[in-house]
Number of protein chains: 2
Amino acid sequence: MRRIIKPEKSSWTAICQRPVLKQDKLLTLVRQVFEDIKSEGDKALLDYIEKFDKVSLSDIRVSGKELENAELKLSGNLKNAIKLAKNNIEIFHCSQMDEKLPVETTEGVVCWQEIRPIQKVGLYVPGGTAPLFSTVLMLAVPAQIAGCEDIVLCTPPDKNGEIHPAILYAAKLCGVKKIFKVGGIQAIASMTYGTETISSVYKLFGPGNQYVTAAKQYAQTLGTAIDMPAGPSELLVLADISAKPSYIASDLLSQAEHGEDSQVVFITDTLDLIIEVERELEKQVQMLPREEIARRALKNSKLILMSDKQEMIEFINLYAPEHFILVVSNEEYFLQNIQNAGSVFIGNYTPESAGDYASGTNHTLPTGGFARVYSGLNMDAFTKKITFQKISPEGILKIGKSIELMAEEEGLIGHRNAVSIRLNDLLKKSSK
Amino acid sequence: MRRIIKPEKSSWTAICQRPVLKQDKLLTLVRQVFEDIKSEGDKALLDYIEKFDKVSLSDIRVSGKELENAELKLSGNLKNAIKLAKNNIEIFHCSQMDEKLPVETTEGVVCWQEIRPIQKVGLYVPGGTAPLFSTVLMLAVPAQIAGCEDIVLCTPPDKNGEIHPAILYAAKLCGVKKIFKVGGIQAIASMTYGTETISSVYKLFGPGNQYVTAAKQYAQTLGTAIDMPAGPSELLVLADISAKPSYIASDLLSQAEHGEDSQVVFITDTLDLIIEVERELEKQVQMLPREEIARRALKNSKLILMSDKQEMIEFINLYAPEHFILVVSNEEYFLQNIQNAGSVFIGNYTPESAGDYASGTNHTLPTGGFARVYSGLNMDAFTKKITFQKISPEGILKIGKSIELMAEEEGLIGHRNAVSIRLNDLLKKSSK
């Protein structure tokens, strides 16, 4: 990791820069796959699975039998762990679902919002080396709580045409019934257009590699909504001497092992702490099976010494970290002033891993500085809000004149007339 | 309007189709303007204003003097109308801002969400024939309530280089200080990249013509968020004999006058009502200054007779109208079952105009069927939510084992270690 000692403010924007992903080159491929799946449906889909995943499937649907078998392949302990995680995620996401009471903005003018599920959602769960069954929980639990009617889950098959049993188990636990052995661009294209087997959806969720990311962006231009722009994972740790250096190092490494483009940043006002964290990093990185990946990620990463708390929070808000671990004695100051972050982990006993799996918060979070403008996945992402209004005769008498004046000034006489015709009737009635 | 009598379900998707907007052609122009403003800033901006708006400006900033003068040019009645509208919009949007209380998902594991404003927002207010000062209220009131630090408002100048006083008055009333005489693609490009005069923003809001819409979509591909995909305005009215045909016609016309690509749909289970509405439409359309536009919009529009309430609600949910006026004796059935709509107007005395100006709800709503997946503008759009979690030693002891198991199964040993190192310390302590 690169040490940066008291950087000038003029250099902050450069320090905050993440590696830029270039996806323009992928667009030609993405368009081709989308076009083929649009015109040929399942046939094109099976061809692409054979081409990209090197496996020939006769049926992309995960069968009931496969779901049952998956359950048998997992240890009772792991199943209980998944259940605990699901339970916590469920409790936290349920707590977000309060309806708002009606408001009377003017006497006789009642307005309110109601939450409705997005009826058709598509969940993408990456395959590859790591079977991300935790992502199944993070996507399917809120979809289920929201009441989405049609939940489609796509995940790539391995070379034997199979899906990791923990992914199937988690999906079953969350009540997902439409599970397909399809990954990559072809999965996103299928959920966008629909095929004979896979139904089209209104919104796409979930992480993925650069192909999946490019495909989701393309789907968005076609009118299918997506959860958020994706990018490599990142962690910023802010600590003072109340923190344990070995814990800090373990957290930084848990992020660094994700991929060589992961970014980890450590900020403190104590030089000694930087030295101790560096020592711990070296000690712990050697124990990781993914040591090489972690070391490469650490090369892009920074240990930054700063002067005071004002400077630190200002920098963090500019950086807008996906994950923000905060271990300082004066927590309150930072909690009050943090403006831009995906998820915040407070104190010595709140590792990022907890939020990745089982504390209850969602692990699908905005990266690359997008925490300045996007939330992580929450119930809002799986629902939309409809506004309602009901106006009584008294209400329209109270606000009608104002509407007439404003509509007239905007030159929209039809808008004015819709009010005038009602006011005239009411005034006639009341003068009788 | 076209009468459609009891259409077969197989034809519904076609009936729900909106006119398709082609924006591909605009992309070359949009790219060019973005490139120029990125590299030359204000200089390019002034050139484009001269080119597109036919006006030569020395300063694009609206001065304090101009703001004061705007106020003097408006009647007291109009100013009061704008204040009433602002007040109602404020009350309704404030009511959306409840914080959620912390939840203990497992003993010792506390999670919560906090709302934070998006710090920099850009508001676009169209100019042209109609000075949409109501749009200023709909964008600036929630931005102000959210606490957005940097609110930039762009709106095109007229041929004399001026802005309609009601737009300036509404902006001042909402506390907007950075107002610029810039419209079209060049406004969106300036707020995306920033120039010497206009600061860049994180998210762009507001309606606009096809150029603005294409520019916002392009800005999104560059990483600047936008409020929602835009399209022509639309209204669906569902009524039974409890409704007044003259009111229905006035509402349909208030939507039809927006533009010739506006769409209005009337649904009922009573043929007589269709006949009466047709008669009223013909009578009222003649009184409109925008009669020609309204007549052209009506040509694309439909009066649909349906068999029963189940069929009607199913069709409406498929159509997903931006505005939905509901005037029936059995309101409850439709309120409970409506899934997809931007905003719902209930009863004989709730014209769409009320929501357009002054009831309190937001008039920036999803069109073109996007109500299936997007909300209209509300406080969520001007804020994001950060999740927080704080775990006690007891808490991590309770969930730590599950995290270790799941991380291990996913092959992420660094994630496991971050928990193990803490558990080991705690278990050592407790065994002493």
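The values are calculated or read from the model by the stated rules, or taken from the named source; none is laboratory data. The shown structure was predicted, so the numbers you read here are calculated from the model rather than taken from an experiment. Note that each Cβ is placed from the backbone with ideal geometry, even for glycine, and that neighbours are counted across all protein chains shown. Ligands, DNA and RNA are stripped out before the accessible areas are found, and what is left, the full protein with its side chains, is counted by its heavy atoms. Shrake-Rupley method; radii C 1.70, N 1.55, O 1.52, S 1.80 Å.
Worth pointing out:
- Screening B:LEU271 with (1) open to solvent by less than 10 Å² (accessible area, probe 1.4 Å); (2) farther than 22 Å from B:PRO207 by Cα gives one miss only, at (1).
- Output for segment A:67-97, where each listed residue is β-branched (Val, Ile, Thr) and either touching a Phe, Trp or Tyr at 6+ places or on another chain (Cβ under 7 Å) or closer than 16 Å to A:PRO131 by Cα (or both): A:ILE82
- Scanning segment A:81-125 for residues that are at pLDDT 90 or above and within 24 Å of B:GLU409 (Cα to Cα) turns up A:LEU123, A:TYR124, A:VAL125.
- Qualifying residue in segment A:243-266 (condition: in contact with an Asp or Glu (Cβ under 6 Å, 6 or more places away or on another chain) and closer than 30 Å to A:GLU68 by Cα): no
- Test: residue in segment B:240-251 that is touching a residue at least 24 places away in the same chain (Cβ under 8 Å), within 11 Å of chain A (Cβ to nearest Cβ) and assigned to a loop (DSSP other than H, G, I, E, B): yes
- Within segment A:117-135, the set of residues being open to solvent by 20 Å² or more (accessible area, probe 1.4 Å) and within 7 Å of chain B (Cβ to nearest Cβ) comprises A:GLN119, A:THR129, A:LEU132.
- Looking only at segment B:283-306, and only at residues there that are more than 10 Å from chain A (Cβ to nearest Cβ), aliphatic (A, V, I, L, M) and open to solvent by 10 Å² or more (accessible area, probe 1.4 Å), the one that is farthest from the chain's Cα centre (by Cα): B:LEU305
- Listed by position, the strands (runs of 3 or more DSSP E) inside segment A:311-394 whose residues that are within 23 Å of B:LEU423 (Cα to Cα) number at least 3 are A:323-327, A:343-346.
- Positions within segment A:307-322 being touching a residue at least 40 places away in the same chain (Cβ under 8 Å), surrounded by 18 or more Cβ atoms within 10 Å (Cβ to Cβ), within 14 Å of another protein chain (Cβ to nearest Cβ) and among the hydrophobic types (A, V, I, L, M, F, W, C), in sequence order: A:ILE316, A:ALA320
- Candidate set from segment A:329-343 (those that are of a type outside the set (S, T, N, Q) and buried (at least 24 other Cβ atoms within 10 Å of the Cβ)); member that is nearest to the other protein chains (Cβ to nearest Cβ): A:ALA341
Condition check ((1) assigned to a helix (DSSP H, G or I); (2) open to solvent by 10 Å² or more (accessible area, probe 1.4 Å)) across all residues:
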{"site": "B:LEU137", "(1), (2)": "yes, no"}
{"site": "B:ALA140", "(1), (2)": "yes, no"}
{"site": "B:LEU153", "(1), (2)": "no, no"}
{"site": "B:ASP158", "(1), (2)": "no, yes"}
{"site": "B:ILE163", "(1), (2)": "no, yes"}
{"site": "B:LYS172", "(1), (2)": "yes, yes"}
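- Taken over segment B:217-249, the criterion of being open to solvent by 10 Å² or more (accessible area, probe 1.4 Å), within 15 Å of the chain's Cα centre (by Cα) and at pLDDT 95 or above is satisfied by B:ILE226, B:ASP227.
- Residue check, A:GLN32 more than 30 Å from A:ASN362 (Cα to Cα) and within 29 Å of the chain's Cα centre (by Cα): yes
- Where helices (runs of 4 or more DSSP H) fall wholly inside segment B:1-77, the ranges with 2 or more residues that are in contact (Cβ under 8 Å) with a residue 24 or more places away in the chain and under 30 Å from B:PHE266 (Cα atoms) are B:12-16.
- Among the residues of segment B:57-104, those that are among the polar types (S, T, N, Q) and more than 13 Å from every other protein chain (Cβ to nearest Cβ) comprise B:SER58, B:SER63, B:ASN69.
- Residues in segment A:356-385 that are over 13 Å from the mean Cα position of the chain (by Cα) and within 7 Å of chain B (Cβ to nearest Cβ): A:TYR357, A:ALA358, A:SER359, A:GLY360, A:ARG372, A:LYS384, A:LYS385.
- Residues that are open to solvent by less than 10 Å² (accessible area, probe 1.4 Å) and either touching a residue at least 12 places away in the same chain (Cβ under 8 Å) or not hydrophobic (A, V, I, L, M, F, W, C) (or both), drawn from segment A:392-432: A:GLY395, A:ILE396, A:ILE399, A:GLY400, A:ILE403, A:ALA407, A:GLU410, A:GLY414, A:HIS415, A:VAL419, A:ARG422
- Verdict on B:SER254 being under 21 Å from the mean Cα position of the chain (by Cα), more than 9 Å from chain A (Cβ to nearest Cβ) and crowded, with 19+ Cβ neighbours inside 10 Å: no
- Subset of segment A:185-211 [outside any loop (DSSP other than H, G, I, E, B), in contact with a Gly (Cβ under 6 Å, 6 or more places away or on another chain) and crowded, with 21+ Cβ neighbours inside 10 Å]: A:MET191, A:LEU204
Yes/no matrix, rows are residues, columns are (1) surrounded by 11 or more Cβ atoms within 10 Å (Cβ to Cβ); (2) assigned by TED's automatic domain parsing to the domain that holds A:GLU282; (3) in contact with a helix residue (DSSP H, G or I) (Cβ under 9 Å, 6 or more places away or on another chain):
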residue: A:PRO7; (1), (2), (3): yes, yes, yes
residue: A:ARG31; (1), (2), (3): yes, no, yes
residue: A:ASP36; (1), (2), (3): yes, no, yes
residue: A:LEU72; (1), (2), (3): no, no, yes
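- Inspection of segment B:304-323 finds no residue satisfying the criterion of being of a type in the set (Val, Ile, Thr), assigned by TED's automatic domain parsing to the domain that holds B:LEU238 and closer than 30 Å to A:LYS401 by Cα.
Yes/no matrix, rows are residues, columns are (1) charged (D, E, K, R); (2) under 29 Å from the mean Cα position of the chain (by Cα):
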{"site": "B:LYS6", "(1), (2)": "yes, no"}
{"site": "B:SER10", "(1), (2)": "no, no"}
{"site": "B:ILE15", "(1), (2)": "no, yes"}
{"site": "B:THR28", "(1), (2)": "no, yes"}
{"site": "B:LYS38", "(1), (2)": "yes, yes"}
{"site": "B:GLU71", "(1), (2)": "yes, yes"}
{"site": "B:ILE82", "(1), (2)": "no, yes"}
{"site": "B:PHE92", "(1), (2)": "no, yes"}
{"site": "B:VAL110", "(1), (2)": "no, no"}
